[in-house]
Structure formats: C-alpha cells, structure tokens
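Novice: Below are the structure tokens for one structure; questions will follow.
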Amino acid sequence: MKLLFIALSLIMLSSCVNGKDLNYSTLAQGETLKDAATQVLDHSSWNSLLKKNVDDKGFVNYTAFKSDHAALNEYLQYLNDNGPTKTTSINEQFAFYINLYNAATIDLILENDIPVSIKDLGSTLSPVWNKEHVMVSNQVFSLSDIEKGVLQQMGDPRIHFAINCASFSCPQLQNTAFTATNLNSLMDKGAREFINTNKNDLTDPANPKLSKIFDWYESDFTNTGVSLIEYINKYATQPINENASLSYKDYDWSLNKQ
C-alpha cells in the first residue's frame, strides 16, 4: 500500500501544470470570439510548413518534415521571442498558444526520431505532456502547461479541436496557421470537422459513441450552462437525441502520420 501511495503521489505531482508565468486573458461569461480585423504576430512561416507537410485530413508527413526541422525551430524561436504581454489581444493570445502547442508537438516528434506513438516518449509516472520542452520568453514549459495551464483557462472549449496531440484519434491538425484574423472561423471549422468525422459515431442518435475528449473535458464544454449533448448538436450535421445514452470510443494513440 505504501508503494501504491508513493506511485499515486508521483502521478499527481507529474500532472501539475503551471501557466502562472505566462500572460493570457480569459473570456468573460457569455463572451464569444470574433475574427479580428488585423493581426500583429506573423505566423506565415508556420503556415507554409503546414501547407507543405500536412494534408487536408490533418495527417503529417513527418519524414518530409525532417528536412524543414530547422525552419520549424526558427518559428519556435520567433514565438519564444514574441510571447504575449498583458496588452496582447485575446485573439493574438489564442492564435499564439494554439500554434505554439502544435508546432512544439511536431518538434518533439522530430527530435525523437518519429516514434510509433507520442506516448512512447513518456511513462505512466512521467507522461510526455509534462516534459519541459516549450519555450516562451526564455522560460521552459510543458505541453500540459500550455493546454491546461493556459488554453483551458482562457474559456473557449473549441481549443480542444484546435490543438493536436500527434495521434490518430486527436482532432485533425489544421494545415492553416491560426491567426488573430481567422481564429474564430478556423476554430469553428475544427469543431465541425471533428464532431462530424469518424472520431465520433453519431449514426444512432439514441446511442452515439463519442470521442473520449468529450469525457475527459466535459466540464469545459458545459461550463456555459449547456449540456454536452446541446454543445455537440451546435455542430453536428446529424443531431443526437436530447436524452441519448452516451458511450465513448477507444482512443487510438498511434502517430497521425501519412
């Protein structure tokens, strides 16, 4: 029992996230995002890398991406040098942290010789999400710090369809960079694509099978007062019943490679 307690304690410690040293804003209750008229940060190099190495279904040609690893690192350095400040608009913040998460995840895969699964880069006691790998303003953070410590706190659950964990069951990696000017439109696109693809099975409206993302992060989707089913039906082309019996699909952690 003592060993079990120690093991559980280590897992809890490894799950701690830290976004307190990062600047971000939080949406007010009921506040919604709109595409901004202008943008400040330049994500064009990341956009070019995505167009070149990611197909329209979000699968990545990691082997080809190896030849662009230096360009990817230049973009990550650009983000490191241009971290959000207290005056950065919330659209710029969302675009920054989403792109940072996605670019750093690909960098992690390339640095580790393209594993079969991103989870192979960690363990139960030390998951890959807690690996300090992400630089912002010359401080090092983990993917969990960015996702849980920042993006989840910002108040728009569509971030779960925008960030990609390099796995088959994840929402697809958009092959367009997020910017302040396309943020809302691209987040909506990601939500509709994810909910209406085979990552979920809505063919039986009384007994849909959902991605485990809706189980893991249910409170994010319902924190505005809507039920999980109501949230899904905002985007579903085939709505599910109000009193549907929900179950969840197995999550495939194999690499999202072409």
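What follows draws every value from the coordinates through simple rules; no lab data is involved. Keep in mind that this is a model prediction, so the values were computed, not measured. Because the Cβ atoms are built from the backbone with ideal geometry, glycine has one as well, and the counts that use them run over all protein chains shown.
Novice: Per residue of the chain, what 222 nm ellipticity follows from adding -39500 (n - 2.57) for every DSSP H run with n ≥ 4, rounded to the nearest 500?
Specialist: The per-residue figure over the chain is -11000 deg cm²/dmol.
Novice: Quick one: net charge of L202's neighbours, Cβ under 12 Å, K/R +1, D/E -1?
Specialist: Counting the neighbours of L202, the net charge comes to +1.
Novice: Out of residues 5 or more away from Y248 or on other chains, whose amide H comes under 5 Å of its own, with H placed 1.01 Å from N in the peptide plane?
Specialist: L210
Novice: Once phi is turned into θ = phi - 60°, what whole-Hz ³J(HN,Hα) does the Karplus curve with 6.51, -1.76 and 1.60 give for every residue of the range 238-248, x standing for Gly and Pro?
Specialist: With the stated coefficients, the range 238-248 comes to 10, x, 9, 5, 4, 10, 4, 8, 8, 9, 10 Hz.
Novice: Given labels modelled 7 Å from the Cα in the Cβ direction, how far is it in nm from Y251 to K20?
Specialist: 2.7 nm
Novice: Given axes a ≥ b ≥ c from the Cα gyration tensor, I'd like to know whether the range 154-258 is rounded (a/c under 1.5), prolate (a/b larger than b/c) or oblate.
Specialist: Judged from the Cα gyration tensor, the range 154-258 comes out oblate (a/c at least 1.5, b/c at or above a/b).
Novice: Here's something else I'd like to know. Just to be sure I understand the rule: take each whole DSSP H helix in the chain, project its Cα atoms onto its long axis, keep it if the span is 24 Å or more and its mean Kyte-Doolittle hydropathy is at least -1.0. Which ones pass?
Specialist: What comes out of the filter, once short or polar helices are dropped, is 90-111.
Novice: Which residues' amide hydrogens lie under 5 Å from the amide hydrogen of G83, considering only partners 5 or more residues apart or on another chain, with H built in the peptide plane?
Specialist: Here the answer is S137, since their amide H atoms fall under 5 Å of that of G83.
Novice: Provide the gained length on full extension for the span S44 to D201, in nm with one decimal, where the gain is 0.36 nm per separating residue minus the Cα-Cα distance.
Specialist: Net length gain for the segment: 53.0 nm.
Novice: Between L125 and T237, what's the calculated FRET efficiency when r is the beta-carbon distance and R0 is 45 Å? Round to 0.05.
Specialist: The value I calculate is 0.60.
Novice: Once you have a ≥ b ≥ c as the square roots of the Cα gyration tensor eigenvalues for the range 104-147, tell me rounded if a/c is under 1.5, and otherwise prolate or oblate according to whether a/b is larger than b/c.
Specialist: Oblate shape, in that a/c is at least 1.5 and b/c is the bigger or equal ratio.
Novice: Taking R0 as 30 Å, what FRET efficiency do you get between N73 and S227 from their Cβ-Cβ distance, rounded to the nearest 0.05?
Specialist: With a Förster radius of 30 Å, E is 0.10.
Novice: Take S137 and T32, extend 7 Å from each Cα along the Cα→Cβ direction, and tell me the distance between the two endpoints in nm.
Specialist: 3.2 nm
Novice: Determine Rg/Rh for the chain; Rg is computed over alpha-carbon atoms and Rh is the Kirkwood hydrodynamic estimate from the same atoms.
Specialist: Ratio of gyration radius to Kirkwood radius: 0.96.
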